[in-house]
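Q: Encoded as structure tokens, here's the structure I'll be asking about.
The values are calculated or read from the model by the stated rules, or taken from the named source; none is laboratory data. Just so it is clear, the structure is predicted and the values come from calculations on it, not from any experiment. Neighbour counts run over all protein chains shown; Cβ positions are idealised from the backbone, glycine included.
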Amino acid sequence: MTRNTRRQFLKQSVFAAAASPMITTLARPQSPNEKLLCAVIGCKGRGGSHISAFAGRKDTEIAYLVDIDEKVGKQVCDGVEKRTGKRPKFVKDMRVVFDDKNIDFIATATPNHWHALCGVWAMQAGKDAYIEKPISYDIAEGAALVAAAKKYKRICQTGTQCRSNPALINAMKFIEEGGIGEVNFARGLCYKRRKSIGALGDYKIPAECDFNLWSGPAPYTEPKLTRPQFHYDWHWQRLYGNGDSGNQGPHQTDIARWGLGINRHPNSVIAYGGRLGYQAERKDPGYIDAGDTANTEIAIYDYGDKCMVFETRGLEVDNAADAEINKVFGGKGNKIGVIFYGTKGTLVQREYTECTAYDLDGKKIKDFKGGGDHFVNFLDAVKSRKAETLNSDAFQGHLSAALAHLANISYYIGENNKVSPAEAKAILEKVKSRDDNVATLERTIAHFKDSGVDLDKYPMSMGPLLKFDPVKEVFTNSPEANEMVSRDYRKPFVCPAPDKV
Ligand SMILES: NC(=O)c1ccc[n+]([C@@H]2O[C@H](COP(=O)([O-])OP(=O)(O)OC[C@H]3O[C@@H](n4cnc5c(N)ncnc54)[C@H](O)[C@@H]3O)[C@@H](O)[C@H]2O)c1
């Protein structure tokens with residue numbers, strides 16, 4: 001981030017922009033029976049769900065499908081034509097959509113590095129926006145989206161769809177009403193097996209993909225692709241993605257924050273971990289995986305009277321040291337969810353549509369079940385113009401995405417600070433937390449060992465304890481960390497600072 005833009009960013013607190021009521025108008029005047037015209041931008045994986053949500057409804061029509069991959073574009077246009085009898089226009093450049101006055105809203109599932117710029121451009125053009133999680137690539141981008149939604153009076157939903165599920169809505173209400181007593185601590189889990197994405201190398205960019213448009217706000221590494229698979233695996237390269245802390249993470253940290261009743265950034269963060277284990281897995285001590293985000297990252301967030309810990313694991317997900325976690329969370333295999341620890345019991349979120357509350361003896365108190373429709377919640381707000389009815393507006397999306405960014409900043413700064421288990425223990429013993437930091441560390445070490453990681457040869461990294469001003473959105477003890485609040489952009493793909501949207 002340049003000095004100037006950082007100063008501009010510091011001047012504007014996103015919290016001033018957060019909770020103001022909005023009276024907004026639709027992008028264009030409409031008769032009651034007219035369909036809302038939309039564009040889905042980024043159509044492959046998650047984009048397919050966006051297309052399914054808006055194709056074939058009586059009140060929406062997909063006018064454009066936008067993708068930088070021609071093959072994907074043809075496929076999805078064929079699919080919509082088959083389903084609705086009408087073929088959307090296919091374009092590679094999202095700016096065509098923003099220039100079309102007839103488009104009411106966009107839904108975007110591009111890679112993370114495009115989310116904020118796409119959303120800001122859309123709202124500047126008067127469109128409402130459904131933006132996938134994490135809604136930002138970094139902290140400043142999230143603040144820019146919050147500011148844009150306010151300035152242009154747009155409806156902006158974040159794609160954390162759990163927020164619209166009755167299971168979660170009722171479970172969080174149960175916590176709020178004291179169902180498990182006082183709750184000041186939540187542990188988020190992303191124990192999700194992730195294999196190596198292949199060796200770091202020089203791979204061919206598929207001919208059907210426009211790499212300039214794909215790269216957009218990220219540095220243009222033309223003509224180099226360093227990972228074997230073009231799509232999806234960008235999640236694990238820090239120029240574009242945010243690792244699993246920023247991929248699966250924003251669902252669970254969002255739920256944890258919700259249940260803890262927290263609507264602000266934390267006061268501090270410390271993260272440790274590494275991208276380890278693939279050398280053993282490949283039986284090649286010199287193997288370098290093409291990913292450079294942590295596959296194992298533990299983050300401790302302090303909110304003063306409350307605390308959240310988020311554990312990301314990409315290696316083996318079952319080991320003996322996890323007996324305590326297994327006892328509460330249950331089951332074998334991937335464990336993706338949140339455990340709330342109350343004075344009278346625990347509440348566990350295991351599925352997107354399922355939660356269970358237990359008493360202190362582990363006896364079930366209550367089940368919460370049921371899925372909802374986050375897209376419909378968005379459409380209702382688009383029609384009513386009542387942004388306050390959104391279950392997950394830009395502000396909520398920003399707070400939850402920022403948790404991943406905060407952890408990653410600590411991890412990236414400490415990446416070369418390699419520590420032995422004993423050194424890690426000495427550091428974590430001094431970190432304020434409602435967790436037993438040492439017990440969590442010991443489980444993490446056991447997890448590495450079970451996965452064949454030789455910690456003497458490939459040690460963990462320990463990030464610094466970063467103090468954060470949750471209102472000004474700046475680090476107060478690390479100029480280096482403040483350099484990572486935003487990124488440098490490649491013209492013309494520049495996401496403006498929050499007070500320049
Ligand atoms: N809410 C959820 O449960 C959920 C689930 C999966 C993914 N996601 C999110 O969805 C996003 C996409 O993830 P994915 O797994 O589908 O990724 P993906 O790489 O499989 O698909 C991304 C698509 O976007 C296209 N694209 C890239 N740049 C573009 C641009 N400038 N304009 C138009 N299209 C562009 C790509 O060609 C590709 O087709 C991610 O941010 C991810 O976090 C959310």
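Q: Do we find that L455 is of a type in the set (A, V, I, L, M), in the same structural domain as V269 (by TED's automatic domain parsing) and under 26 Å from the mean Cα position of the chain (by Cα) in this structure? It would help to see each step written out before you state the result.
A: On the way: of a type in the set (A, V, I, L, M): yes; in the same structural domain as V269 (by TED's automatic domain parsing): yes; under 26 Å from the mean Cα position of the chain (by Cα): no.
Answer is no for this residue.
Q: List, please: which pairs have Cβ atoms under 7 Å, are six or more places apart or on different chains, and start with a residue in the stretch 242-256 that is outside the structural domain of G314 (by TED's automatic domain parsing) and end with one that is within 11 Å of the ligand (Cβ to nearest atom)?
A: Once the first residue is outside the structural domain of G314 (by TED's automatic domain parsing) and sits in the stretch 242-256, no partner that is within 11 Å of the ligand (Cβ to nearest atom) comes close enough.
Q: Out of the residues in the stretch 49-65 meeting the condition of being of a type in the set (G, A, S) and surrounded by fewer than 21 Cβ atoms within 10 Å (Cβ to Cβ), tell me which one is nearest to the chain's Cα centre (by Cα). If you could, list the steps in order and put the result at the bottom.
A: Going residue by residue through the stretch 49-65, those that are of a type in the set (G, A, S) are 49, 52-53, 55-56, 63.
After this cut, where a residue has to be surrounded by fewer than 21 Cβ atoms within 10 Å (Cβ to Cβ) as well, the list is 49, 52, 56, 63.
On the way: S49: 17, S52: 22, G56: 28, A63: 27 Å.
Taking the candidates together, the pick is S49.
Q: Give just the number: which of (1) farther than 30 Å from N212 by Cβ; (2) part of a helix (DSSP H, G or I); (3) more than 21 Å from the chain's Cα centre (by Cα) does D499 not satisfy?
A: (1)
Q: In the stretch 465-486, is there at least one residue being within 23 Å of G277 (Cα to Cα), surrounded by 15 or more Cβ atoms within 10 Å (Cβ to Cβ) and small (G, A, S)?
A: First, the residues of the stretch 465-486 that are within 23 Å of G277 (Cα to Cα): none.
No, because not a single residue in the stretch 465-486 is within 23 Å of G277 (Cα to Cα), surrounded by 15 or more Cβ atoms within 10 Å (Cβ to Cβ) and small (G, A, S).
Q: Hey, among the residues in the stretch 77-105 that are assigned to a loop (DSSP other than H, G, I, E, B) and within 11 Å of the ligand (Cβ to nearest atom), which one's surrounded by the fewest Cβ atoms within 10 Å (Cβ to Cβ)? So that I can check it myself, show each step before the final result.
A: Initial filter on the stretch 77-105 (assigned to a loop (DSSP other than H, G, I, E, B)): 85-88, 92-94, 99-104.
Of the ones still in play, those that are also within 11 Å of the ligand (Cβ to nearest atom) are 92-94.
Working: K92: 16, D93: 13, M94: 25.
By that ranking, first place goes to D93.
Q: Turning to a different aspect of this structure: Taking the stretch 302-347 as the search range and keeping residues that are of a type in the set (D, E, K, R) and part of a strand (DSSP E or B), which one is surrounded by the most Cβ atoms within 10 Å (Cβ to Cβ)? Please lay out each step first, then the result.
A: In the first step, residues of the stretch 302-347 are kept if they are of a type in the set (D, E, K, R); the result is 302, 305-306, 311, 313, 316, 318, 322, 324, 327, 332, 335, 344.
From what's left, part of a strand (DSSP E or B): 302, 311, 313, 335.
Working: D302: 20, E311: 24, R313: 29, K335: 21.
Per the criteria, the residue is R313.
Q: When only residues in the stretch 106-161 that are part of a loop (DSSP other than H, G, I, E, B) and of a type in the set (A, V, I, L, M, F, W, C) count, which is farthest from the ligand (Cβ to nearest atom)? Break it down into steps so the answer makes sense when it comes.
A: To start, the set of residues in the stretch 106-161 that are part of a loop (DSSP other than H, G, I, E, B) comprises 109-111, 125-127, 132-138, 152-155, 159-160.
Cutting the leftovers down to of a type in the set (A, V, I, L, M, F, W, C) gives us 109, 125, 135, 155.
Details: A109: 4, A125: 15, I135: 9, I155: 18 Å.
Filtering first and then ranking leaves I155.
Q: Then there is this: S196 passes all but one of (1) within 24 Å of the chain's Cα centre (by Cα); (2) within 14 Å of the ligand (Cβ to nearest atom); which number fails?
A: (2)
Q: Among the residues of the stretch 209-228, count how many are within 9 Å of the ligand (Cβ to nearest atom) and either surrounded by fewer than 18 Cβ atoms within 10 Å (Cβ to Cβ) or not in a loop (DSSP other than H, G, I, E, B) (or both).
A: The number of residues fulfilling the criteria is 5.
Q: I'm told R264 meets every condition in (1) within 17 Å of the chain's Cα centre (by Cα); (2) within 16 Å of the ligand (Cβ to nearest atom) except one. Can you identify the failing condition by its number?
A: (2) is the only condition that R264 fails.
Q: Ok, one more. Does R434 satisfy the criteria of being outside any helix (DSSP H, G or I), basic (K, R) and in the same structural domain as R238 (by TED's automatic domain parsing)? It would help to see each step written out before you state the result.
A: On the way: outside any helix (DSSP H, G or I): yes; basic (K, R): yes; in the same structural domain as R238 (by TED's automatic domain parsing): yes.
Yes.
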